[in-house]
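The values are calculated or read from the model by the stated rules, or taken from the named source; none is laboratory data. Note that the structure is a prediction, hence the values are computed from the model and not measured. When we count neighbours, we look across all protein chains shown, and the Cβ atoms used for this are built from the backbone with ideal geometry, even at glycine. Areas reflect the complete protein model, heavy atoms only, side chains present, ligands, DNA and RNA absent. Shrake-Rupley method; radii C 1.70, N 1.55, O 1.52, S 1.80 Å.
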Amino acid sequence: MDADGPGMDVVAVVLAAGGGRRFGMAKALAPYRGRPLVRHAAQVAHAGGCARTVVVVGAEAARVRAAAPELTFVDNPDWATGVASSLRAGLAALAGTSAGAALMLLVDMPGVTPEAVRRVAAHAGPGALAMGGYGPRRGHPVLLGRDHWAAVAASASGDHGARDYLRRHAGELTVVDVADVADDFDVDTPEALARHA
C-alpha cells in the first residue's frame, strides 16, 4: 500500500447489472457452486479483505436483490447502455463514504479469487491504479483510488468502463501478477459456467 494505505477502506464494487442476453438470463442470478453468482462475487470480495461490497444492479434488479438480501445494492437505470453506466453508478455510490479505493469486480468472472483480490487491494491508496496481470494480459480485479474516480467516470463510455482511462495512465498503473491464483475469463454461456465449476 502507499503511504495512505494502511487502515484505508477498500470497497468492492460488483458490476452485476447486465441482462445476460447471450447467457439466457441475468448472470448475477446464475447458480454457481450452490449459490447465485452475485453472492459468490461478494463473498470473494469479503474473503479478499474488502471492507464492504456494493453491488450495481439493473436487469432483473428485484430478483437479484431477493437472491442476496444481505448485500448492499445500487440501481443503474441505464444498465442497457453498457458497463460504463454501472461503473459510474458504483463510484457515485462511494463518493460520500470513507472509501479510499474501489476494487472493481465483474459478476461473470467466477475465476477471480480472494487471493487475487488481496494482492491487488494491497496497493490501495487515493492515488492508486492497479489491476490483475495474467501473463501478457491485464484484467480484473481493477483497483481505482479515490483521486481517479471523477476522471474515470467522465471517460467511461459504452462497454469500455475504465479501460481507456487505464490505458492513458499506463505510467501510473501497477500490474499485479495473479495468474497463479486466478483467471478472469468471463462466462458467456451456461456451458462455460458449468466448465468453471
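Applying the selection to the range 168-197, what residues are open to solvent by 30 Å² or more (accessible area, probe 1.4 Å), out of contact with any Lys or Arg (no Cβ under 7 Å at 6 or more places or on another chain) and closer than 27 Å to A30 by Cα?
If we filter the range 168-197 for residues that are open to solvent by 30 Å² or more (accessible area, probe 1.4 Å), which is where we start, we get 168-172, 174-175, 177, 179-181, 183, 185-186, 188-191, 194-197.
Next, from what is left, pick out any that are out of contact with any Lys or Arg (no Cβ under 7 Å at 6 or more places or on another chain): 168-172, 174, 177, 179-181, 183, 185-186, 190-191, 194-196.
Hits for the range 168-197 are A179, D180, V181, D183, F185, D186, P190, E191, A194, R195, H196.
Scanning for something closer than 24 Å to T113 by Cα, open to solvent by 40 Å² or more (accessible area, probe 1.4 Å) and in contact (Cβ under 8 Å) with a residue 12 or more places away in the chain, does the range 156-167 turn up at least one residue? The answer is yes, given that some residue of the range 156-167 is closer than 24 Å to T113 by Cα, open to solvent by 40 Å² or more (accessible area, probe 1.4 Å) and in contact (Cβ under 8 Å) with a residue 12 or more places away in the chain. How many residues are surrounded by fewer than 21 Cβ atoms within 10 Å (Cβ to Cβ) and hydrophobic (A, V, I, L, M, F, W, C) if we restrict to the range 75-92? Result for the range 75-92: 2. Report yes if some residue within the range 35-42 is open to solvent by less than 60 Å² (accessible area, probe 1.4 Å), at pLDDT below 95 and not aliphatic (A, V, I, L, M); otherwise report no. Among the residues of the range 35-42, not one is open to solvent by less than 60 Å² (accessible area, probe 1.4 Å), at pLDDT below 95 and not aliphatic (A, V, I, L, M), which makes the answer no.
Here V142 meets each of (1) in a loop (DSSP other than H, G, I, E, B); (2) within 26 Å of L29 (Cα to Cα) with one exception, condition (1).
Could you say which residue among V152, V175, V120, V187 is assigned to a strand (DSSP E or B), of a type in the set (V, I, T) and under 25 Å from S85 (Cα atoms)?
On the way: V152 fails: assigned to a strand (DSSP E or B); V120 fails: assigned to a strand (DSSP E or B); V187 fails: assigned to a strand (DSSP E or B).
The conditions single out V175.
Only one entry of A12, A51, A99, A59 meets the criterion of being in contact with an Asp or Glu (Cβ under 6 Å, 6 or more places away or on another chain), within 20 Å of A156 (Cβ to Cβ) and either among the aliphatic types (A, V, I, L, M) or modelled with pLDDT of 95 or more (or both), and that entry is A99.
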